[in-house]
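Chemist: Here it is, the structure in full.
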Amino acid sequence: MPKTAFITGITGQDGSYLAELLLVKGYTVYGLIRRCSTFNTDRIEHLYQDPHDPNYRLRLMYGDLSDASRLAGLIAQIKPDEIYNLGAQTHVKVSFEQPVLTGDVDAIGAMRMLEAVRQSGRKVRYYQAGSSEMFGNAPAPQNEETAFEPASPYAAAKLYAHWVTKNYREAYGIYAVNGILFNHESPRRGATFVTRKITRAVARIKLGKQKKLFLGNLEAKRDWGYAPDFVEGMWRMLQAREPGDYVLATGESHSVREFCELAFSRVGLNYKKHVEQSERHMRPMDVDYLRGDASRARKVLGWKPKVKFEKLVEIMVDADLVMAKEGREDFRADSGIFG
Ligand code: NDP
Ligand code: GDR
């Protein structure tokens, strides 16, 4: 029987890749989208299907993680086999500026979803998008046994979602899993995250459209993987015999400075001539060093990332060069207000 999935956050980086993957696998995919005064569906435009087509399998529904009754109504209507809760306020620095909203959407939003699942009485498999940020400055390599030390309102909110997901699994027998995903990037990464901010700037500087790139902490180290690999891992988590929690990571860690070095050198430039540090992009507290150990996912799910650091940088720089040459890039993030 073809399956039905419900994705919150379908308009985001991961939601768009996951929707692609599930459509290829024959799923009918329902996606939660927020009503906006402007279009927010750029990342899934290429998947759009005419709702008048009787076979249409990508169905977008208005809703919001802050609206419990709508979530319950949608789950009753859609009757999903699988739910991927990817919707969130995802920017760590913004979570210091909007801590209450971040807690409401990222923490209580997950609880609203779980309650809707529980009250529906249906057998649903539920994926919760957890984050390596929950480890904070705990010593690397971090895996499922590492004690959490959240270092931002975002991380604390995600940790609440993590624990209630585990609690609903244990208390009510719901097939609910936590993916603890380390950073994963792509040409669809939001422009205010550091990797995409760098690769967009590299392309624009190369073409003479921009001079400087202002960044914050250049010494922070992250375990950066490729988003399409990671959404495949999410899917695998919901196909396993037993529900559990899994780290997904590449096992390599690199600094923001190294990312700059490689990205600028891809187009024959020296980052030192273009990158400047600015207080504006510093956080009240940062996470210094993340490097994940995904052995459990490899062993139990057979999951392994295909794209590593150097290749990732190439993919992102090359994609942004094409966009900048075609004049399709959005330069708002360079104004310094965002990012
Ligand atoms: P994005 O920022 O690209 O997308 C976030 C999505 O959440 C968007 O679809 C956004 O909608 C939606 N959203 C935001 N607020 C609400 C709300 N109140 N109600 C419903 N939907 C909302 O994130 P990613 O795709 O990168 O990440 C997916 C998930 O994985 C997130 O939960 C993130 O925290 C988590 N994660 C991501 C990692 C990464 O490296 N990418 C690593 C670890 C965890 P809109 O388009 O309308 O803004
Ligand atoms: P992160 O990603 O906080 O790890 O969260 P981000 O790309 O924002 O920051 C990574 C590191 O780069 C440093 N940095 C800057 N960051 C941004 N955004 N802008 C800058 O100008 C800049 N300069 C330096 C940061 O201080 C940080 O150390 C991402 C999000 O996708 C989360 O939702 C997800 O949970 C985690 O990854 C895993």
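Chemist: Would you be able to tell me the number of residues in the stretch 44-76 that are more than 16 Å from ligand 2 (Cβ to nearest atom) and surrounded by 11 or more Cβ atoms within 10 Å (Cβ to Cβ)?
Modeler: Residues meeting the conditions: 23.
Chemist: In the stretch 181-225, which residues are hydrophobic (A, V, I, L, M, F, W, C), in a helix (DSSP H, G or I) and under 14 Å from the mean Cα position of the chain (by Cα)?
Modeler: Val194
Chemist: Would you call Pro139 within 15 Å of ligand 1 (Cβ to nearest atom) and open to solvent by 10 Å² or more (accessible area, probe 1.4 Å)?
Modeler: It is false that Pro139 is within 15 Å of ligand 1 (Cβ to nearest atom) and open to solvent by 10 Å² or more (accessible area, probe 1.4 Å).
Chemist: Of the residues that make up the stretch 60-74, is at least one touching a residue at least 60 places away in the same chain (Cβ under 8 Å) and closer than 24 Å to Val177 by Cβ?
Modeler: Checking the stretch 60-74: at least one residue is touching a residue at least 60 places away in the same chain (Cβ under 8 Å) and closer than 24 Å to Val177 by Cβ.
Chemist: A follow-up question, please. Can you name the residue in the stretch 142-156 that is part of a loop (DSSP other than H, G, I, E, B) and in contact with a Leu (Cβ under 9 Å, 6 or more places away or on another chain) and is also nearest to ligand 2 (Cβ to nearest atom) among such residues?
Modeler: If we take residues in the stretch 142-156 being part of a loop (DSSP other than H, G, I, E, B) and in contact with a Leu (Cβ under 9 Å, 6 or more places away or on another chain), then Pro150 is nearest to ligand 2 (Cβ to nearest atom).
Chemist: Need pairs with beta-carbon distance below 9 Å; first residue over 17 Å from Arg189 (Cβ atoms) and within the stretch 301-313, second basic (Lys, Arg) and modelled with pLDDT of 95 or more; sequence gap 6+ or separate chains.
Modeler: Leu301/Arg236; Gly302/Arg236; Trp303/Arg236; Lys304/Arg298
Chemist: Considering only residues that are of a type in the set (Gly, Ala, Ser) and either buried (at least 24 other Cβ atoms within 10 Å of the Cβ) or closer than 20 Å to Trp224 by Cα (or both), which ones fall in the stretch 143-171?
Modeler: Ala151, Ser152, Ala155, Ala157, Ala161
Chemist: Within the stretch 172-190, is there a residue that is within 20 Å of Asp318 (Cα to Cα), within 14 Å of ligand 1 (Cβ to nearest atom), in contact with a strand residue (DSSP E or B) (Cβ under 9 Å, 6 or more places away or on another chain) and open to solvent by 40 Å² or more (accessible area, probe 1.4 Å)?
Modeler: no
Chemist: Here's another thing I want to ask about it. Being among the basic types (Lys, Arg) and away from ligand 1 (no atom under 12 Å from the Cβ) is the filter; apply it to the stretch 1-36 and report the residue that is surrounded by the most Cβ atoms within 10 Å (Cβ to Cβ).
Modeler: Among those residues, the one meeting the criterion is Lys3.
The values are calculated or read from the model by the stated rules, or taken from the named source; none is laboratory data. Everything numeric here is computed off the predicted structure, so don't read it as measured data. For neighbour counting, all protein chains shown are included, and Cβ atoms are generated from backbone atoms with ideal geometry for every residue, glycine included. Surface areas here come from the heavy atoms of the whole protein model, side chains and all, with no ligands, DNA or RNA. Shrake-Rupley method; radii C 1.70, N 1.55, O 1.52, S 1.80 Å.
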